[in-house]
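Student: Take this structure, written in structure tokens, and hold onto it; I'll ask about it next.
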Amino acid sequence: MAGIALDPAAVDRLVAWLAVEWRGARPDDRLLTGASPIASSTRRRPAPGAGRPTAALFGLGHYAKTQIVPHIGEHLDLIRVHELDPVQIGVRRTDRWSWDTSPLPADDDQADVLLIAGYHHTHAPLARAALRRGSAAVVEKPVVTTEEDLEELAKLIDGGGRLFTCFQRRHSPINAWLREDLRLGEAREPMVYSAVVYEEPLPARHWYRWPASRTRLVSNGCHWIDHFLWLNDFAPVRRATVTSARTGTFTVYVELVNDAILALVLTSAGGSRYGLREHTELRANGVTATIVDGARYTAEAGSRILRRRRVNRLDSYPAMYRGICERLVAGAPGDDAREIRAVAELTLRLDAAATRQGSGS
């Protein structure tokens, strides 16, 4: 492609890296060292907001282009973008930031914040690299893909590292209505959270299917697992099971010590007029709240409609980044290691059980 300076050695490294991921990488294989074929290839213009925290982005895919970059500019000064894929980089690279295809932070990369949105299995290694050098880490889901990653990352967070997780369901305006309508603070009746989630089928070699990415429970199911635990103040798990059908459908049951229940079905068999679809019901204290496609909310008690609202399901993303950026600028602590551990441990535990079923062991 014209305008992209990729030397043969860099291409060989990229091909080898992709081959490793398709086979299922060992932990030490997940990030490659070495010189970058496009290292600071353009000079960045001075940012107008001098004095703001600086940020480096890892992964310039569609999500980062539409949700991260547009929503951090008010608070953070993006100075560098790391991206491996020449197609994502494009032939008309902006000079607003410098470019780098290194999978690791460059030696001269002293950004205050690392925005991590690349391949799932790279999230934890990059977060560790950020925390070890004193930078904050803003990590897209999933935060970790292995139990070893979780242990190492939790130690760094307990030691003062600042990590901010990007579970956007926590930032939907629907949550305020849920808490009020279901009277969650009264704790009179345990919550029953049931959801059926349809995901678009993926191409056979999509990177979500790489062994290093784990199953759809880790890739997307973690959103509903996190939301359920978050609404229940991360109460400990009493019981958790999962069934993996040959059709690729996962059925999850989780029971917490406060008697709250999660029943989650993840499938790629269904209608796709709107892309990802969901039908979620939450019941507590005689009230049923229904969320359809993250946009339509209804709360009812008996024969009465308590509330009916409609929102743009994408509004939770700017709200999430605004909240995270405000905490970053204020120097506030990151997310609690206990909460990160609660979500990751349960998700990985369910994923491992589903994988064993799939392998017949």
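Student: With a sphere of radius 14 Å drawn around the Cβ of G358, what net charge do the other residues whose Cβ falls strictly inside it have (Lys, Arg +1; Asp, Glu -1)? Walk me through the intermediate numbers first.
Tutor: Working: positive: R209, R214, R216, R246, R356; negative: D351.
Taking every other residue near G358 into account, the sum is +4.
Student: Related question: Project the alpha carbons of segment 203-244 onto their principal axes and report the range along each, largest first, in whole Å.
Tutor: In descending order, the Cα extents are 37, 19, 14 Å.
Student: Something else about it: So what's the convex hull volume per residue for the Cα atoms of segment 97-143, in Å³?
Tutor: Values: hull volume 3.6 nm³, N = 47.
Cα-based convex hull of segment 97-143, divided per residue, equals 76 Å³.
Student: Over segment 140-179, with every protein chain in place, what whole percent of the accessible area is carbon and sulfur at 1.4 Å, could you tell me?
Tutor: Values: 800 of 1500 Å².
On segment 140-179, the fraction of accessible area on carbon and sulfur atoms equals 53 percent.
Student: Right, another one. At Y253 and L306, where each label point lies 7 Å from the Cα along Cα→Cβ, what is the point-to-point distance in nanometres?
Tutor: 2.7 nm
Student: In whole angstrom, note down how far apart the Cα centers of segment 163-232 and segment 49-77 are.
Tutor: Cα centroid to Cα centroid, the span is 24 Å.
Student: Further, regarding this structure: Find the Rg to Rh ratio for segment 314-361, where Rh is the Kirkwood radius over alpha-carbon pairs and Rg uses the same atoms.
Tutor: On the way: Rg = 16.9 Å, Rh = 13.5 Å.
Rg divided by Rh gives 1.25.
Student: When ligands, DNA and RNA are left out and all protein chains stay put, how many square angstrom of accessible area per residue does segment 307-361 have with a 1.4 Å probe?
Tutor: Details: 2930 Å² over 55 residues.
Roughly 53 Å² per residue, with all protein chains present.
Student: While we're here: On a full-extension model of 0.36 nm per residue, what is the gain between R132 and S194, subtracting their alpha-carbon distance, rounded to one decimal in nm? Walk me through the numbers on the way to the answer.
Tutor: Working: separation 62, 0.36 × 62 = 22.32 nm, distance 3.92 nm.
Here the segment from R132 to S194 would lengthen by 18.4 nm.
Student: Can you give me the accessible area per residue for segment 123-171, using a 1.4 Å probe, in Å²?
Tutor: With the other protein chains kept in place, segment 123-171 gives 33 Å² per residue.
Student: A further question on this structure: For segment 216-297, what is the accessible area per residue in Å² when the probe is 1.4 Å?
Tutor: Details: 3180 Å² over 82 residues.
For segment 216-297, the per-residue accessible area is 39 Å².
Student: If R0 is 22 Å, what FRET efficiency do you get for A332 and D158 from their C-beta distance, rounded to 0.05?
Tutor: On the way: r = 17 Å, r/R0 = 0.76.
For R0 = 22 Å, the calculated efficiency reads 0.85.
Student: Would you calculate the separation in nanometres between label points at A269 and T54, each defined as 7 Å from the Cα along the Cα-to-beta-carbon direction?
Tutor: Each label point lies 7 Å from its Cα, and together they span 5.3 nm.
Student: Dipole magnitude of segment 103-150 about its Cα centre, charges +1 at Lys/Arg Cβ and -1 at Asp/Glu Cβ only, in debye to the nearest 20? Let's see the in-between values first.
Tutor: Numbers: 4 positive and 8 negative charges, 21 e Å.
It works out to roughly 100 debye.
Student: Starting from the residue with the highest accessible area, list V311, V144 in decreasing order, probe 1.4 Å.
Tutor: Working: V311 30, V144 5 Å².
Highest to lowest solvent-accessible surface, that is V311, V144.
Student: Counting only protein heavy atoms and using a 1.4 Å probe, what share of the accessible area of segment 192-269 belongs to carbon plus sulfur, as a whole percent? Present the calculation step by step, with values, prior to reporting the outcome.
Tutor: Values: 1830 of 3280 Å².
Reported share for carbon and sulfur atoms: 56 percent.
Student: Next question, about the same structure. When the scattering of segment 182-323 is computed by the Debye formula from its Cα atoms alone, each counted once and equally, what is log10 I(q)/I(0) at q = 0.19, 0.20 Å⁻¹?
Tutor: Values returned for q = 0.19, 0.20 Å⁻¹ are -1.31, -1.39.
The values are calculated or read from the model by the stated rules, or taken from the named source; none is laboratory data. Source: prediction; values computed, not measured. Cβ coordinates were reconstructed from backbone atoms using ideal geometry, including for glycine residues, and neighbour counts include every protein chain displayed. Areas reflect the complete protein model, heavy atoms only, side chains present, ligands, DNA and RNA absent. Shrake-Rupley method; radii C 1.70, N 1.55, O 1.52, S 1.80 Å.
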